[in-house]
Amino acid sequence: MTRYLIVSATRAEAAYVPEGLPLVITGVGKTAAATAVTRALMEIERDDLMVLNIGTAGALRPEREGLFVPGRVINHDISAAALRAFDYDPREELAVGDGGLATDDSVLASGDTFVADPLVRDQLAERADLVDMEGYAVAYACDALGVPVHLIKHVSDSADADAMDWPDLVDASAQVLGAYLADLVAQS
C-alpha cells in the first residue's frame, strides 16, 4: 500500500491538506525545498512512499488554468548551456510522475525567480506551461533518494503583474489542492 508524504512550500498552500497525512513545509525556493525534502526523506522509511508536492503555479500561457500534474519539470534559472560546454550535465529537466498517478502533458518550470514580468513569462512559455519556485528541487531530491514524486499544481495567477496578488489568491488554490488530496486518499 502506498504511503504519501505531502510537501508544500507554504502553510497557506497546504491549508486544506486532509488531517492524518504527513506534511512537510519547506519554505520558499529551490534551496529550502531540496534541503527540507532531503531531511524528511532521510528521517523516514522510504519503502512504499510517494511524495506529493502540492502548490500554486503561475500560468505561462493564457489557456492554462486549473489543476495540473506535470510529467516533466525544468530548472529554468540554471546556465545549462554553459555547464554543458564545460562537459557537465546540469540535469535541467526531469521526468516526474512514476508511481501510479496519472500525469498530464504539461511542463513545469521551477526557479528562484518570482515571475511577475510578462517578458520573462513569455520567454518561459517557449519551454513550459507553468512556473513555480520549488517543484524541480523537490523532484531532484526525490530522484536522488529513489522516491517517486508527483507535482500537483494549481494555477493561481498569470505570472504577470497580477502575480503580486498571490497572497489573496492562494486560498482558492489551496482548497482545490486539498480536495484533490481528499479524493486521492478516499480512492486508496
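Just so you know, all these numbers are worked out from the coordinates, no wet-lab data involved. Treat the numbers as computed from the prediction; the structure is a model and nothing was measured. Glycine also receives a Cβ, built like all others from the backbone with ideal geometry; neighbour counts cover every protein chain displayed.
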Query - Förster-model FRET efficiency, 25 Å R0, L145 and Q123, C-beta, rounded to 0.05 - result: 0.20
Query raised in the report: Counting DSSP beta bridges in segment 59-188, what percent are antiparallel, to the nearest 5?
Result: 45
Report task. Could you tell me which GluC sites (Glu not before Pro) in segment 93-188 are loop residues by DSSP with no more than 12 other beta carbons within 10 angstrom of their beta carbon? Result -> E126
Report summary line: Amide H contacts under 5 Å for M133, restricted to residues at least 5 apart in sequence or on another chain and with H modeled in the peptide plane, are G111
Query raised in the report: Given a Förster distance of 35 angstrom, what is the FRET efficiency for T113 paired with A172, based on the Cβ-Cβ distance and rounded to 0.05?
Result: 0.90
Query raised in the report: So what is the 222 nm mean residue ellipticity for the chain from helices alone, if each DSSP H run of at least 4 adds -39500 (n - 2.57) and you divide by all residues, rounding to the nearest 500 deg cm²/dmol?
Result: -9500 deg cm²/dmol
Report task. Quote the charge dipole size of the chain about the Cα centre in Debye, to the nearest 20; the model charges only the Cβ of Lys and Arg (+1) and of Asp and Glu (-1). Result -> 400
Report summary line: The answer for Y4, listing residues at least 5 apart or on another chain whose modeled amide H is closer than 5 Å to its amide H, is M50
Report summary line: The answer for D157, listing residues at least 5 apart or on another chain whose modeled amide H is closer than 5 Å to its amide H, is A57, A59
Query - Within segment 101-115: backbone nitrogen closer than 20 Å to the A179 label point (7 Å, Cα to C-beta) - result: 102-104
Report summary line: Calc'd 3J(HN,Hα), segment 143-155, phi into Karplus 6.51 cos²θ - 1.76 cosθ + 1.60 (θ = phi - 60°), Hz, glycine/Pro = x, comes to 4, 4, 9, x, 10, x, 9, 10, 9, 10, 10, 10, 5
Report task. Along Cα→Cβ, 7 Å out, is where each label goes; now give me the distance between the ones at D87 and V28 in nm to one decimal. Result -> 4.1
**Report entry** Loop-located trypsin sites (Lys or Arg not before Pro) in segment 84-174, at most 15 other Cβ atoms within 10 Å (DSSP)
**Finding:** R91, R127
Report summary line: Labelled set [x] 0.95; [y] 1.04; [z] 1.07; Rg/Rh (Cα atoms, Kirkwood Rh) computed from this model equals the value at [x]
Report summary line: Karplus-derived 3J(HN,Hα) from phi for segment 63-72 (6.51 cos²θ - 1.76 cosθ + 1.60, θ = phi - 60°), whole Hz, x at Gly and Pro, runs 7, 8, 8, x, 9, 9, 10, x, x, 9
**Report entry** In Hz, Karplus ³J(HN,Hα) per residue of segment 86-92 (6.51, -1.76, 1.60; θ = phi - 60°; x = Gly, Pro)
**Finding:** 8, 6, 10, 8, x, 6, 6
